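A.B. asks: Below: one structure in structure tokens.
Just so it is clear, none of the values below were taken in a lab; they were calculated from the coordinates. Only a predicted model underlies this, so the values are computations on that prediction, with no experimental measurement involved. Because the Cβ atoms are built from the backbone with ideal geometry, glycine has one as well, and the counts that use them run over all protein chains shown.
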Amino acid sequence: MSCAWLVLVLGLALRALHQRNQFQEVAISPAPVRNAARAAFIIPARDEEHNIGSCLGSLLAQNYPPDRFDVLVVNDHSSDRTLSIAKALAERKPRLRVLDSPPLPPGWIGKSHACWIGACAVSPDTEWLCFLDADVQAQPALLASAIAAATRDRLDLLSLSPRQRLGSFAERLVIPCGLCILAFCQDLGKLQSQQSDQVTATGQCMLIRRSVYEAAGGHCAIRSAICEDVALARVIKRAGGRIVLRDGRKLVASRMYSGWRTLWPGLTKNLVEMLGGLVPTITTALAATALAWAACLIPLADGLSCWQGAAASCLALVPASAGSAAIFGLHIAGASYFGVPFWYGFLFPAGYTAGALMSVDSVRRRLSGRTSWKGRTYPVSSGRWLL
């Protein structure tokens, strides 16, 4: 068993390393000096008073030619100071426009509706649409670098994964484990191949060629999707567009949640979609939790047996300890990657356990036929997510 454990851990580590090597970083490009493509940032915002000011400030500070890009905020019926903050900034910055989203039509998810309103309101000569979440902060080179990469590689949708800023214990415990699971489970090369109908993307930052967006039906085509980013990427890919997810940690940063109060509902609303269905969600959660605790229990069992005089257990303790050391080392390296104290790497069994409980809650929500986010409750169908 100990040798099998070592082989399993090394296989997972090599897979994660392979995925990391395929996750290309977007190079920082200089500001274009002339003939720059016209672009627009579209930010759907609902109750984002703590984020909207810094987000808009970073977008207005882009080193892109000022007359070649616009910033549109679509206020999605915020109940806090989001609208007043955005309007106060717009009074001083003519390139910033603030729109109020109309009442949410039946069958629409709020974020998709706000994105669609923004996309319909951009200038007719806009070539690129850049959808950003309000909790994202951009470096000055974001727009220039993203458009340069998309143009060079002939992409129709470039999704950038931000650097995740993890402030609370809950974020530091759970989010690195969640991203490790994606590295273990997903095949990034297959997901991004034009020969596959599968996709991966993050709605935190998506640069889309406008002509392709409109031809695919845009957010209107996926109006009821809870996980709208992957759904939009899927319809664009099916329409023939080329989709790529890349490492944008040098260009964008984000803090999605601020503790258990926002982390739990934020993840449980779409975990089922992220992991591919009800059965895969439960299977993945159980497997990840079992493997995480096995890293502690297998060496412990061999060590106790060795202490009691079993020579075979003393031999087994070597591969068992090596395997567990490798998986602990992987998570310590993950803690370093996310910029959190290294000792969070020792807590990963608790992180996967919390993630498993979230997965169960996500499945419960799906089976109930309803899910909630930011004061809204949406109907969802469980049938199509059984497998």
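A.B. asks: What value, in deg cm²/dmol to 500, does the helix sum -39500 (n - 2.57) over DSSP H runs of n ≥ 4 give at 222 nm once divided by the residues of the chain?
C.D. replies: On the way: 14 runs with 192 residues, N = 387.
The helix contribution divided over the chain gives -16000 deg cm²/dmol.
A.B. asks: Largest first and in whole Å, give the semi-axes of the chain's equivalent ellipsoid, each being the square root of 5 times a Cα gyration tensor eigenvalue.
C.D. replies: Numbers: eigenvalues 325, 100, 78 Å².
In descending order, the three semi-axes are 40, 22, 20 Å.
A.B. asks: Still on this structure, please answer the following. For the stretch 176-237, what are the per-bin percents of Cα-Cα distances with bins 5 Å wide, up to the bin holding the maximum?
C.D. replies: That works out to 4, 17, 23, 26, 17, 9, 4, 0, in percent per bin.
A.B. asks: Further question on the same structure: Within the chain, count lysine pairs with alpha carbon atoms under 24 angstrom apart where the residues are 8 or more positions apart or belong to different chains.
C.D. replies: Details: K87/K111; K87/K374; K111/K237; K111/K269; K111/K374; K190/K237; K269/K374.
For the chain, qualifying lysine pairs total 7.
A.B. asks: Taking every pair of alpha-carbon atoms in the stretch 236-325, what share in percent sits in each 5 Å bin, from 0 to the bin with the longest distance?
C.D. replies: 3, 11, 10, 10, 13, 14, 12, 9, 8, 6, 3, 1, 1, 0
A.B. asks: Now for a different question. In the chain, which cysteines lack any other cysteine Cβ under 4.7 Å from their own?
C.D. replies: C3, C55, C115, C120, C130, C177, C180, C185, C205, C220, C227, C296
A.B. asks: To continue, here is another question. Mind telling me which of A311, A150, A288 comes out most flexible in a GNM of the chain, alpha-carbon contacts under 10 Å?
C.D. replies: Of A311, A150, A288, the most mobile in the Gaussian network model is A311.
A.B. asks: Let me ask another. How would you rank I43, I327, going from fewest to most other Cβ atoms within 10 Å of each one's own Cβ? Display every interim value, and only then the final one.
C.D. replies: On the way: I43 28, I327 24.
Lowest count first: I327, I43.
A.B. asks: Counting Lys +1, Arg +1, Asp -1, Glu -1, what net charge surrounds G259 among other residues with beta carbon under 15 Å of its beta carbon? Numbers along the way, then the final one.
C.D. replies: Details: positive: R165, R172, R255, R261; negative: D135, E171.
Surrounding charge for G259 is +2.
A.B. asks: Could you derive backbone 3J(HN,Hα) for the stretch 266-280 from the dihedral phi with the Karplus parameters 6.51, -1.76 and 1.60 (θ = phi - 60°), listing whole Hz in sequence and x where the residue is Gly or Pro?
C.D. replies: Karplus values, whole Hz, x for Gly and Pro: x, 7, 5, 5, 9, 4, 4, 5, 4, 9, x, x, 5, 5, x.
A.B. asks: Let me know the shape class of the stretch 129-175, please: from the alpha-carbon gyration tensor, a ≥ b ≥ c as square roots of the eigenvalues, rounded when a/c is under 1.5, otherwise prolate if a/b is greater than b/c, or oblate. Write down the numbers at each step before the final one.
C.D. replies: On the way: a/c = 2.99, a/b = 2.39, b/c = 1.25.
Prolate.
A.B. asks: On a C-alpha basis, how far is the centre of the stretch 104-139 from the centre of the stretch 18-72 in Å? Whole number, if you could?
C.D. replies: Between the Cα centre of the stretch 104-139 and that of the stretch 18-72, the gap is 13 Å.
A.B. asks: I would also like to ask the following. Say we join alpha carbon atoms closer than 10 Å with springs in a Gaussian network model of the chain; which of R92, R249, R15 then has the biggest fluctuation?
C.D. replies: Comparing R92, R249, R15 in a Gaussian network model of the chain, the most mobile one is R92.
A.B. asks: Hey, another quick one. Over the stretch 108-262, calculate the relative contact order: mean separation of alpha carbon pairs under 8 Å at least 6 apart, over the residue count, as a percent. The partial results should precede the final answer.
C.D. replies: Working: 232 pairs, mean separation 66.5, N = 155.
Over the stretch 108-262, the number comes to 43 percent.
A.B. asks: Net charge within 11 Å of S168 by Cβ-Cβ distance, Lys/Arg positive one each and Asp/Glu negative one each, not counting S168 itself? List each step's numbers first, then the result.
C.D. replies: Numbers: positive: R165, R172, R255, R261; negative: E171.
Computed value for this residue: +3.
A.B. asks: Please turn the phi angles of the stretch 97-108 into ³J(HN,Hα) values with the Karplus equation 6.51 cos²θ - 1.76 cosθ + 1.60 (θ = phi - 60°), one per residue in order, whole Hz, x for glycine and proline.
C.D. replies: Result, rounded to whole Hz: 10, 10, 10, 9, 5, x, x, 5, x, x, x, 9.
A.B. asks: Okay, next question. Taking Cα pairs under 8 Å and at least six residues apart, what relative contact order does the chain come out at, in percent? Write down the numbers at each step before the final one.
C.D. replies: Numbers: 677 pairs, mean separation 78.5, N = 387.
It rounds to 20 percent for the chain.
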